[in-house]
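Every number in this text was worked out from the coordinates using simple rules, so none of it is lab data. Source: prediction; values computed, not measured. Cβ: placed from backbone, ideal geometry, glycine included. Neighbour counts: every protein chain shown.
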Amino acid sequence: LRYGQEVEFETEAYPGEKFNGRISFISPVLDEKTRTVKVRVVAENTSGKLKPGLFVRAVIHTGTTSDGQKLDLYLAGKWVCPMHPEIIKAKAGRCDKCGMRLLRTEKLGYVNKKNAKGSTELLIPATAPLITGKRAVVYVQVSEGIFEYRNVTLGSRAGDYYIVKSGIKEGELVVVNGNFKIDSAMQLLNKQSMMNQKVPQKNVPQTKCPVMGGDINKEVFIDFRGNRIYFCCPGCDAIFKKNPEKYLDLMKKSGVVLDKFSDVKQGK
């Protein structure tokens with residue numbers, strides 16, 4: 001949270017009606033009993049609907065950069081009063097209410113427009129990672145019903161999400177429910193899991209089907225880009241051809257070295 005951020009809130013007294021304001025103060029003291037911090041929000045109340053003691057629920061939408069600065073395109077590059085956050089101007093000047101000099105929003109922890117592009121972070125739901133000690137892992141779907149163990153580096157938690165610094169890319173599908181069940185199954189199969197980390201071997205021959213993960217059948221194969229690729233059963237070759245780069249990358253990460261087409265005898 002930052003001074004000047006816009007807040008949208010509602011109260012049970014007026015269901016469905018939304019109110020808006022801006023943060024004017026964030027208490028530096030943590031309440032030891034409730035483990036909460038008080039935040040003051042300045043909001044227009046010309047109708048007199050908002051009264052002391054009303055219980056409200058607030059939502060704050062914010063972006064963050066890798067160095068912890070806040071990304072708000074409305075506030076980026078503008079000037080704001082240090083006492084009245086609702087006074088926001090495009091140029092330097094003084095506050096219309098108290099006469100204080102306005103401050104650049106960069107001094108309040110916001111990035112300017114020049115540095116705002118490309119600074120948003122990758123997020124995953126907080127239920128996705130399995131966290132133990134300093135390690136965090138997720139399971140990524142590589143094909144229908146097939147999941148891959150992946151170590152990830154997490155940043156700070158943002159509400160119901162974690163910032164991801166490395167380990168997965170935008171667009172990849174991660175398991176958000178049932179990941180403990182998948183991890184337990186991996187442990188029973190003695191495969192890489194949260195509790196059973198294995199270092200991938202390098203330069204090993206292909207023994208597993210890249211599509212279904214079963215033992216290969218030397219009678220079921222295709223020749224692709226000079227390599228002979230084996231499968232566990234007929235039908236996997238058709239699935240492979242739909243997205244070969246994905247399965248080739250998966251085998252590469254597992255350290256699999258494929259037979260060269262010129263190194264094996266012609267099959268039927």
Give a residue-ordered list of calculated ³J(HN,Hα) values for the range 4-12 (Karplus: 6.51 cos²θ - 1.76 cosθ + 1.60, θ = phi - 60°; whole Hz; x for Gly, Pro). x, 5, 6, 10, 10, 9, 9, 9, 5
Residue with peak Gaussian network fluctuation, the chain [Cα springs, cutoff 10 Å], from THR105, THR34, THR46: THR34
Among the listed pairs LYS38/LYS107; LYS165/LYS260; LYS181/LYS242; LYS134/LYS242; LYS134/LYS260, give every one whose C-alpha distance is greater than 31 Å. LYS165/LYS260; LYS134/LYS242; LYS134/LYS260
From the backbone phi of the range 168-181, what are the Karplus-calculated ³J(HN,Hα) couplings (6.51 cos²θ - 1.76 cosθ + 1.60, θ = phi - 60°) in whole Hz, Gly and Pro given as x? 9, 10, 4, x, 6, 9, 10, 6, 10, 9, x, 5, 5, 5
Considering the dipole of the chain built from charges on the beta carbon (Lys and Arg +1, Asp and Glu -1) around the Cα centre, which of VAL37, VAL176, LEU123 is farthest to its positive end? VAL37
Among (i) -0.54, -0.92, -1.08; (ii) -0.62, -1.08, -1.27; (iii) -0.81, -1.04, -1.13, the entry derived from the coordinates for log10 I(q)/I(0) by the Debye sum over Cα atoms at q = 0.11, 0.14, 0.15 Å⁻¹: (iii)
In terms of the charge dipole of the chain, which places +1 on Lys and Arg and -1 on Asp and Glu at the beta carbon, the residue among CYS209, MET83, TYR14 farthest towards the positive end is MET83
Using alpha carbons only, how many degrees (0 to 90, rounded to 10) separate the axis of helix 244-253 from the longest principal axis of the chain? 90
Table column - 3J(HN,Hα) (Hz), the range 27-34, Karplus curve with 6.51, -1.76, 1.60, x for Gly and Pro: 4, x, 10, 8, 6, 5, 7, 9
